[in-house]
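The values are calculated or read from the model by the stated rules, or taken from the named source; none is laboratory data. What you see is a predicted model; the values in this text were computed from it and never measured. Heads up, the Cβs are rebuilt from the backbone with ideal geometry, glycines too, and the neighbour counts pull from every protein chain shown. With ligands, DNA and RNA removed, areas are computed over all heavy atoms of the protein, side chains included. Shrake-Rupley method; radii C 1.70, N 1.55, O 1.52, S 1.80 Å.
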Amino acid sequence: MKLTIVILNWNGELLLKKFLPRIILYTPNTPIYIVDNSSEDDSIKFIRREHKKVKIIKLSCNKGYAKAYNHAIKIIDSDVYCLINNDVMVTKNWTLPIMKYFDNKK
């Protein structure tokens, strides 16, 4: 079962600098997407420079919370989507309960 991490961002460069490295560290071999809600800061430049494996979906206008996530889900191919904000601090093995839940639903 394929898990994909989808992070909504709007002008969150500082939050991404603080929280994204742990998501990458503690979610190895899992695709990570940043859905950028038309940020005006350097969020996209930061991701492209520091985290080249993170995929970016850059929206041309701010679609709001739900529409931005819905737009991303239509584009991303996955079995399970973990939608999180850009200010979430994850810990080691944080996705194990998520995947266990979905594995039990088969």
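Structure notes:
- Structure-based [θ]222 nm, the chain - -39500 (n - 2.57) summed over DSSP H runs of at least 4, per residue, nearest 500: -12000 deg cm²/dmol
- Membrane-span-like helices of the chain, defined as complete DSSP H segments with a Cα extent of 18 Å or more along the helix axis and a mean Kyte hydropathy of at least 0.0, are identified as 13-26.
- Fraction in percent of alpha-carbon pairs per bin - 5 Å, region 35-106: 3, 12, 19, 21, 23, 13, 6, 2, 0
- What region 9-101 shows is 62 Å² of accessible area per residue, with the surface traced by a 1.4 Å probe over protein heavy atoms.
- Taking GluC sites (Glu not before Pro) across region 1-104, the ones in a DSSP loop with at most 11 further Cβ atoms lying within 10 angstrom of their Cβ are Glu40.
- Computed label-point distance, nm, for sites Asp87 and Asn62 using a 7 Å Cα→Cβ extension: 1.4 nm
- Distance violations [Cα-Cα > 29 Å] among Lys63/Lys92; Lys17/Lys74; Lys74/Lys100; Lys52/Lys105; Lys63/Lys105; Lys17/Lys58: Lys63/Lys92; Lys52/Lys105; Lys63/Lys105
- When the solvent-accessible area of the chain is split by element, carbon and sulfur atoms take up 53 percent of it, the probe being 1.4 Å.
- Region 56-93: chymotrypsin sites (Phe, Trp or Tyr not before Pro) falling in loop per DSSP and having at most 11 other Cβ within 10 Å: none
- In Å², nearest 10: area of Lys45 left accessible to a 1.4 Å probe: 130 Å²
- Computed accessible area, Lys17, all protein chains, 1.4 angstrom probe, square angstrom: 90 Å²
- Met89 - accessible surface, heavy atoms, 1.4 Å probe, Å² rounded to 10: 90 Å²
- Here the Gaussian network model covers the chain, with springs between Cα atoms less than 10 Å apart; of Ser60, Ser43, Ser78, Ser60 fluctuates the most.
- Computed over the chain: relative contact order in percent, which uses C-alpha pairs under 8 Å that are six or more apart: 41 percent
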